[in-house]
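Visitor: For reference, the structure I am asking about is given below.
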Amino acid sequence: EIMALRRNGGEFHVELTISLVRLEDKIEFCAFISDITEQKHADALIWKQANFDPLTHLPNRHMFHERLEHDIQAAQRTGLKLAVLFIDLDRFKEVNDTLGHDVGDQLLTEVAQRLGASVRKSDLVARLGGDEFTVILSQLTDTHQVDTVAQNILRRLAEPFSLNDELAYVSASMGITLYPEDAIDVEQLLMNADQAMYAAKKRGRNRFSYFTPSLKEEAQVRLKLINDMRVALTENQFEVYFHPIIDLRTGAIVKAEALLRWNHPQRGMAGQMEIIPLAEETGMIVEIGDWVFREAALWASRWRDICPGGLQIGINMSPVQFQAESDHIAEWLVYLQELGLSGKHIVIEITEGLLLHVDSAISDILLQFRDAGIQVSIDDFGTGYSALSYLKKFDIDYLKIDLSFVRDLETDPNDRALVEAIIMMAHKLGLKVIAEGVETEGQRKLLATAGCDYAQGYLYSKPVPPLELEVLLKQSLANATV
């Protein structure tokens with residue numbers, strides 16, 4: 001393959017093939033020339049597609065791996081160090097859901113530009129996929145300069161993004177690992193940085209965290225926990241506890257929230273905050289959620305004989321369950337019919353984030369609940385990136401005020417004002433209000449004075465097994481006022 005000249009002086013790619021021809025008395029050579037310009041362009045396009053992200057034009061995962069391998073070899077020769085930074089945008093999905101995917105793509109492009117402007121030309125910025133980016137800081141004489149680069153990146157990404165006349169605010173969580181201190185191969189360095197990034201998210205986001213050996217141990221424990229979860233259902237390790245909900249007017253228990261517990265054979269009892277994220281990540285939440293629904297409905301049918309009108313049970317439903325392909329919702333409704341249990345005894349608790357970008361699948365499920373008489377409650381109300389238009393668009397029955405507003409109700413005038421405003425707004429829209437995290441008599445009085453309908457919290461009871469709830473139910477009915 002050589003470059004040839006056109007008559008006008010322009011160069012172009014050609015393939016030159018020379019063949020030897022032996023004649024009786026002499027030797028000749030035949031040359032064949034082919035224009036391969038288009039083939040070269042196609043090869044270049046294929047190479048670019050294989051190595052660069054089409055949206056941001058940054059190197060992709062494949063090129064990142066090749067470059068990191070090259071930089072590791074260079075560091076071995078020179079004795080210098082390098083750092084790998086794993087960057088994940090905080091709450092990027094909320095921008096996508098509220099402003100649309102086109103705006104989300106625009107945000108990713110601008111993030112790529114800011115990252116490129118935050119490092120040296122000799123460093124590499126790559127996009128692994130989604131909202132995940134990596135940076136290779138190579139030829140480091142002093143690892144202290146990594147802190148400076150990391151802080152600069154976080155500061156730049158925290159500045160507002162102007163996207164189609166909308167201002168969007170995002171931040172980033174970053175994990176950092178060092179060569180050769182933490183690992184000496186590509187896969188382990190990337191895994192270390194990923195684990196450190198998750199540690200930064202757990203610590204509150206918008207920060208960076210260095211890899212430590214303890215993070216690797218945590219990841220191994222987490223993997224074992226996921227494997228253990230796969231057999232927990234078949235071995236009957238899950239239990240449902242119930243957290244009573246009180247009518248603030250009468251003081252009686254009128255509802256209860258079903259909460260998942262895992263009686264792990266080695267680790268002991270684990271709660272929802274430990275179970276649900278792992279179950280959602282692995283997809284096991286669908287099967288586990290089915291079990292919780294059936295178990296809660298079974299107890300609700302039993303308690304019809306104890307409570308006048310029955311006890312309404314709140315069941316948390318994950319967004320992953322809404323997107324599941326199986327027809328488990330229809331199976332739930334059939335199960336209620338088999339129990340002879342009316343839909344009014346069940347309330348489905350969802351987060352407000354689910355309703356921000358509702359597709360047909362979610363709408364259909366909400367309609368199924370409405371037609372079956374099952375009510376819907378918005379959990380942790382006020383903590384999400386929300387648009388209140390969904391309150392009038394969907395048939396919502398309850399708002400649950402998040403405990404973060406109730407905690408300082410007695411001492412913080414702002415929290416008190418927010419709670420009073422939520423209660424007033426909900427009542428104007430025909431919704432009932434449940435306050436979570438009620439722990440003191442002072443909080444109860446303020447909520448009752450503000451017109452709150454129901455309360456849930458340790459002032460009344462911690463979550464208890466079903467048979468303990470039966471005892472509380474009977475006591476509550478005996479002591480309730482009309």
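The values are calculated or read from the model by the stated rules, or taken from the named source; none is laboratory data. Computed from a prediction, not measured in an experiment: that's the story for all the values here. Glycine also receives a Cβ, built like all others from the backbone with ideal geometry; neighbour counts cover every protein chain displayed. Only protein heavy atoms, including side chains, enter the accessible area calculation; ligands, DNA and RNA are left aside. Shrake-Rupley method; radii C 1.70, N 1.55, O 1.52, S 1.80 Å.
Visitor: If you scan segment 24-67, which residues turn out to be outside any loop (DSSP other than H, G, I, E, B), under 28 Å from Ser122 (Cα atoms) and polar (S, T, N, Q)?
Guide: Hits for segment 24-67 are Gln49, Asn51.
Visitor: Could I ask something else about it? Take the conditions open to solvent by 40 Å² or more (accessible area, probe 1.4 Å), over 30 Å from Leu311 (Cβ atoms), in contact (Cβ under 8 Å) with a residue 60 or more places away in the chain and touching a helix residue (DSSP H, G or I) at 6+ places or on another chain (Cβ under 9 Å) and apply them to Glu166. Does it pass? It would help to see each step written out before you state the result.
Guide: Details: open to solvent by 40 Å² or more (accessible area, probe 1.4 Å): yes; over 30 Å from Leu311 (Cβ atoms): yes; in contact (Cβ under 8 Å) with a residue 60 or more places away in the chain: yes; touching a helix residue (DSSP H, G or I) at 6+ places or on another chain (Cβ under 9 Å): yes.
Here the answer is yes, as Glu166 does meet what is asked.
Visitor: State whether one or more residues within segment 212-228 are open to solvent by less than 60 Å² (accessible area, probe 1.4 Å), modelled with pLDDT of 90 or more and of a type in the set (A, V, I, L, M, F, W, C).
Guide: For segment 212-228, residues open to solvent by less than 60 Å² (accessible area, probe 1.4 Å), modelled with pLDDT of 90 or more and of a type in the set (A, V, I, L, M, F, W, C): absent.
Visitor: Quick one: Ala117 ticks every box in (1) among the hydrophobic types (A, V, I, L, M, F, W, C); (2) touching a Lys or Arg at 6+ places or on another chain (Cβ under 6 Å); (3) loosely packed, with under 12 Cβ neighbours inside 10 Å bar one, so which box is it?
Guide: Only one criterion is unmet by Ala117, namely (2).
Visitor: Quick one: count up the residues across segment 172-190 that are crowded, with 20+ Cβ neighbours inside 10 Å and either under 18 Å from Asp147 (Cα atoms) or under 25 Å from the mean Cα position of the chain (by Cα) (or both).
Guide: Filtering segment 172-190 for residues crowded, with 20+ Cβ neighbours inside 10 Å gives 172-179, 182-183, 189-190.
Now restrict to residues that are either under 18 Å from Asp147 (Cα atoms) or under 25 Å from the mean Cα position of the chain (by Cα) (or both): 172-179, 182, 189-190.
Of the residues in segment 172-190, 11 are crowded, with 20+ Cβ neighbours inside 10 Å and either under 18 Å from Asp147 (Cα atoms) or under 25 Å from the mean Cα position of the chain (by Cα) (or both).
Visitor: Would you point out which residue out of Leu447, Leu399, Leu429 is exposed (fewer than 13 other Cβ atoms within 10 Å of the Cβ) and touching a Leu at 6+ places or on another chain (Cβ under 7 Å)?
Guide: Working: Leu447 fails: exposed (fewer than 13 other Cβ atoms within 10 Å of the Cβ); Leu399 fails: exposed (fewer than 13 other Cβ atoms within 10 Å of the Cβ).
Among Leu447, Leu399, Leu429, only Leu429 is exposed (fewer than 13 other Cβ atoms within 10 Å of the Cβ) and touching a Leu at 6+ places or on another chain (Cβ under 7 Å).
Visitor: How many residues are crowded, with 20+ Cβ neighbours inside 10 Å and of a type in the set (Phe, Trp, Tyr) when one looks only at segment 44-61?
Guide: Counting residues in segment 44-61 that are crowded, with 20+ Cβ neighbours inside 10 Å and of a type in the set (Phe, Trp, Tyr) gives 0.
Visitor: In segment 82-102, what residues are of a type outside the set (A, V, I, L, M), over 19 Å from Asp194 (Cβ atoms) and out of contact with any Phe, Trp or Tyr (no Cβ under 6 Å at 6 or more places or on another chain)? Spell out the reasoning first.
Guide: Narrowing segment 82-102 to residues of a type outside the set (A, V, I, L, M): 86, 88, 90-94, 96-98, 100-102.
After this cut, where a residue has to be over 19 Å from Asp194 (Cβ atoms) as well, the list is 94, 96-98, 100-102.
Once the filter is applied, which keeps residues that are of a type outside the set (A, V, I, L, M), over 19 Å from Asp194 (Cβ atoms) and out of contact with any Phe, Trp or Tyr (no Cβ under 6 Å at 6 or more places or on another chain), segment 82-102 yields Asn96, Asp97, Thr98, Gly100, His101, Asp102.
Visitor: OK, next. Among what's in segment 62-111 and is small (Gly, Ala, Ser) and open to solvent by less than 50 Å² (accessible area, probe 1.4 Å), pick the residue that is modelled with the lowest pLDDT.
Guide: Initially, segment 62-111 is screened for residues small (Gly, Ala, Ser), giving 74-75, 79, 83, 100, 104.
With the extra rule that they be open to solvent by less than 50 Å² (accessible area, probe 1.4 Å), the set shrinks to 74-75, 83, 100, 104.
Details: Ala74: 93, Ala75: 92, Ala83: 95, Gly100: 82, Gly104: 89.
It comes out as Gly100.
Visitor: Can you tell me which of (1) exposed (fewer than 13 other Cβ atoms within 10 Å of the Cβ); (2) more than 19 Å from Ala200 (Cα to Cα) is the one Thr148 doesn't meet?
Guide: (2)
Visitor: Considering only residues that are β-branched (Val, Ile, Thr) and outside any helix (DSSP H, G or I), which ones fall in segment 185-216? Before the answer, list the steps.
Guide: Let us first name the residues in segment 185-216 that are β-branched (Val, Ile, Thr), namely 186, 212.
Within segment 185-216, Thr212 is the sole residue that qualifies.
Visitor: Pairs, please: C-beta under 9 Å, at least 6 apart or cross-chain, first residue within 13 Å of Asp402 (Cβ to Cβ) and in segment 416-428, second part of a helix (DSSP H, G or I) and of a type outside the set (S, T, N, Q)?
Guide: Leu418/Phe405; Val419/Phe405; Val419/Val406; Val419/Leu446; Val419/Leu447; Ile422/Phe405
Visitor: Okay, moving on. Please find, within segment 267-291, the residue that is modelled with the highest pLDDT out of those that are closer than 15 Å to Asn236 by Cβ and out of contact with any helix residue (DSSP H, G or I) (no Cβ under 9 Å at 6 or more places or on another chain).
Guide: Trp291
Visitor: Same structure, new question: Could you list all residues from segment 120-171 that are under 22 Å from Ala50 (Cα atoms), over 24 Å from the mean Cα position of the chain (by Cα) and polar (S, T, N, Q)?
Guide: Residue satisfying the conditions is Ser122 alone.
Visitor: Looking at Lys393, Lys432, can you tell me which residue is under 30 Å from the mean Cα position of the chain (by Cα) and modelled with pLDDT of 95 or more?
Guide: Working: Lys393 fails: modelled with pLDDT of 95 or more.
Being under 30 Å from the mean Cα position of the chain (by Cα) and modelled with pLDDT of 95 or more holds for just one of Lys393, Lys432, which is Lys432.
Visitor: Name the residues in segment 441-471 that are under 19 Å from Ala417 (Cβ atoms) and of a type in the set (Val, Ile, Thr), would you?
Guide: Of everything in segment 441-471, just one residue is under 19 Å from Ala417 (Cβ atoms) and of a type in the set (Val, Ile, Thr), namely Thr449.
Visitor: Could you check segment 134-155 and list, in sequence order, the residues that are more than 14 Å from Val84 (Cα to Cα) and of a type in the set (A, V, I, L, M)?
Guide: Hit for segment 134-155 is Leu154, nothing else.
Visitor: Kindly list the number of the only condition in (1) more than 30 Å from Gln475 (Cβ to Cβ); (2) out of contact with any helix residue (DSSP H, G or I) (no Cβ under 7 Å at 6 or more places or on another chain); (3) modelled with pLDDT of 85 or more; (4) small (Gly, Ala, Ser) that fails for Ser360.
Guide: The failed condition is (3).
Visitor: For segment 10-23, which positions are assigned to a loop (DSSP other than H, G, I, E, B) and over 58 Å from the mean Cα position of the chain (by Cα)? Don't jump to the end; show me each part of the working.
Guide: Here is the first cut: in segment 10-23, the ones assigned to a loop (DSSP other than H, G, I, E, B) are 10, 23.
Within segment 10-23, just Leu23 meets the criteria.
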